[in-house]
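Only one structure is covered here, and it is reproduced in the block below.
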Amino acid sequence: MNNLIKNIVILIFIIIVISCDDPAPTELVNNNDEVSVDIINPQPDSFVITGYDSTGITNPIPVKKSVISLSGIKNTIKGKTYYKGYGEAVFFDTTKPVYINSGNIKRLIGYKTLEFGKVRFGIDTAKIVPFYLKYRENYQIKDTLLGVKHVISYGPAKIPSVNRLPYGNNIKVLFRNRFDKLTELTVKLPEEIVGKIKITGSKEKNNLRINLDWNKGSLGTDEIIVGGILKNRKELIPLFRIKNLKDNSFVIPNSFIKKILERDYDAIVFSFIRKIRKSNSTSRLGDIYFASQSIHNIWIVF
């Protein structure tokens, strides 16, 4: 049961150095050298706000010209679970980078996007919507319009069978450009992930422990992103990602939880993510990055 840490999402979204001088994730290390942890946000005021709770993707700067993602999401808050899902197709123009000025430093935060034409996920035709990127500048949250993206959405619903993604199966994604030329790709979905959390001890007695368990799957890889909800902002900040998980359970000790809560977070969110990642290339879409995932977010409010 006790498995945990050394080096990690991606996202995936995920991982925190609770302080730059005090890298808290080392406290999770045990005798299993397979498991690794990556720090995602060394500072709670990093520049780009990723929205990893919706997509499972924490890196906002694409490495491919086309990014196709499908996400089935469950949010469990105070014992109640809500189901939703998203499909997105974003086509980046990597010749048009977007920068912000941070002091005397120019920082790349993303790229402008293009409208492809029509995109369909299975039988659902995607809507074309504005694509905004949120970022921080001088401790203020701002956003900038990068262009458009093609989106479908499922839910939200309290009943899991409503608008449910076909976990463990394929979805055909069809692209038709303005010249009526059709491109068809197949995206494989992983099996649904179901997380469970058991809390022992208490914050007041300084012996709090959180036991994480989840079901095993034969498709995709599993990882866990730990995030914090900032006080007074209700903003979910990705902290660190735990990956290379051989078993499907481990324990997070009180010392680590305590350090997270000391940094102005009044809730911890554990995101259990089962993902499939794949890169491809076509003559019409260029280099493509596929991301399909099942995500189960469980909120622990203190």
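The values are calculated or read from the model by the stated rules, or taken from the named source; none is laboratory data. Please read these numbers as outputs of a predicted model, since none were measured by experiment. Cβ coordinates were reconstructed from backbone atoms using ideal geometry, including for glycine residues, and neighbour counts include every protein chain displayed.
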Taking first residues from segment 111-133 that are in a strand (DSSP E or B) and of a type in the set (D, E, K, R) and second residues anywhere that are exposed (fewer than 14 other Cβ atoms within 10 Å of the Cβ) and modelled with pLDDT under 95, the pairs with Cβ under 6 Å that are 6 or more apart or on different chains are LYS112/ASP93; LYS112/LYS96
Notebook entry, point to check: Going by the structure shown, is LYS96 more than 26 Å from ASN170 (Cβ to Cβ) and at pLDDT 90 or above?
Noted result: yes
Of the candidates GLU192, GLU223, the one satisfying the condition of being in a loop (DSSP other than H, G, I, E, B), under 28 Å from TYR86 (Cβ atoms) and within 16 Å of the chain's Cα centre (by Cα) is GLU192
Please tell me if VAL148 is within 21 Å of the chain's Cα centre (by Cα), more than 18 Å from ILE193 (Cβ to Cβ) and surrounded by fewer than 19 Cβ atoms within 10 Å (Cβ to Cβ). yes
